[in-house]
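K.L.:
Below is a structure I'd like to ask you about.
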Amino acid sequence: MQEIKQIPSFLQKLYEILESDQSAIGWNKDGTTFQILDSSLLTEEIMPQYFKHRNYQSFLRQLNMYGFKKLKNKHGKSEFQHSQFKRGLKNNLLKIKRRNQDDIKQSLESLTKEFEQESYLNEHEKLRKQLVELYSNQRSLLEEIRRQMERNINLQRETQDITNRINTVKSYHLKKLDKLIIIIQKLPEDAQISKMALMKEKILRKLELIEAENICMKEISLEKQDSSMYQEPNLTGVKSPAGYSPKTK
């Protein structure tokens, strides 16, 4: 118990953190170094629990004062090493001493410079990723706009085709009505009355069929337009059979 008390508090707590169940900081495979895996998690959750603060720079200064060396990590993580700080050799912590003021000052300057450079590189990489993401989103948006424009053009063509078909059907039946009226007008008056009564019913049926087909085609057009958020085309220029007035001799 006396031996544990002689171990500097910072080293004691650092060793406890590394031996605890957390994912912010951990030993390497052979236990000779440790690396910071998640600096945000370390400062926000682990450090307040053990050191009562969230100052990451203060944590780095403590490592420097006890002679820990920062190593180059191939994964981009901050890794630290001390010859007496190893997994399973807790008693060796008694051999670790604080460095003198001159060494500390020089190391702090070097460490601060490295930290600032690392922060700059991290910020630069973050901005680069954001720009790449924005560029990708812009390309996706432009592609979606292009597809929407193509759909609208196709819908306009289909709508125009339906309008043409409606006009063709109307024109066909109106021409037939013209011919029937001319034939009826050439009949004797009594025959005209009888024939007119018979033809009136047929004409009304024809008109009902034309109107039903017109409504059906409009509904098909509207369904297609609604599915693509396309506005209904203006068909007010299409003439209606109800307004037809045949020429008389």
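Nothing in this text is a laboratory measurement; each read-out follows from the coordinates by a stated rule. Worth saying up front: this structure is predicted, and the values here are computed from it rather than measured. Using ideal geometry, Cβ is built from the backbone for each residue, glycine included, and neighbour counts are taken over all protein chains shown.
K.L.:
Please work out how much length the chain gains when fully extended from Asn152 to Thr168, using 0.36 nm per residue of separation minus the C-alpha to C-alpha distance, in nm with one decimal.
P.N.:
Numbers: separation 16, 0.36 × 16 = 5.76 nm, distance 2.41 nm.
Separation in residues times 0.36 nm, less the Cα-Cα distance, equals 3.4 nm.
K.L.:
Quick one: order Asp178, Asp38 by neighbouring beta-carbon count within 10 Å, fewest to most.
P.N.:
Details: Asp178 13, Asp38 16.
With the fewest neighbours first, Asp178, Asp38 line up as Asp178, Asp38.
K.L.:
Given that compact globular proteins tend to follow 2.2 N^0.38 Å, what is the ratio of the alpha-carbon Rg of region 1-94 to that value?
P.N.:
1.02
K.L.:
Shifting gears a bit: Under a point spin-label approximation (7 Å from Cα along Cα-to-Cβ), what is the Glu123-Glu19 distance to one decimal in nm?
P.N.:
4.0 nm
K.L.:
Would you kindly state how much longer the chain becomes between Arg61 and Gln160 on full extension, computed as 0.36 nm times their sequence separation minus their alpha carbon distance, in nm to one decimal? Write down the numbers at each step before the final one.
P.N.:
Working: separation 99, 0.36 × 99 = 35.64 nm, distance 7.63 nm.
Answer, rounded to one decimal: 28.0 nm.
K.L.:
Points 7 angstrom from Cα along the Cβ direction at Gln49 and Gln138: gap in nanometres?
P.N.:
4.4 nm
K.L.:
Between Lys97 and Leu71, what is the spin-label point distance in nm, taking each point 7 Å from the Cα along the Cα→C-beta axis?
P.N.:
2.5 nm
K.L.:
Kindly write out, for region 134-140 in residue order, the coupling ³J(HN,Hα) from the Karplus curve 6.51 cos²θ - 1.76 cosθ + 1.60 (θ = phi - 60°), rounded to whole Hz, with x marking Gly and Pro.
P.N.:
These are the phi-based 3J(HN,Hα) values: 5, 5, 5, 5, 5, 5, 5 Hz.
K.L.:
State which entries of Lys29/Lys129; Lys52/Lys77; Lys13/Lys70; Lys13/Lys69; Lys74/Lys95; Lys52/Lys126 exceed 28 angstrom in Cα-Cα distance in the structure shown.
P.N.:
On the way: Lys29/Lys129 31 Å; Lys52/Lys77 24 Å; Lys13/Lys70 19 Å; Lys13/Lys69 18 Å; Lys74/Lys95 30 Å; Lys52/Lys126 30 Å.
Distance filter (> 28 Å) returns Lys29/Lys129; Lys74/Lys95; Lys52/Lys126.
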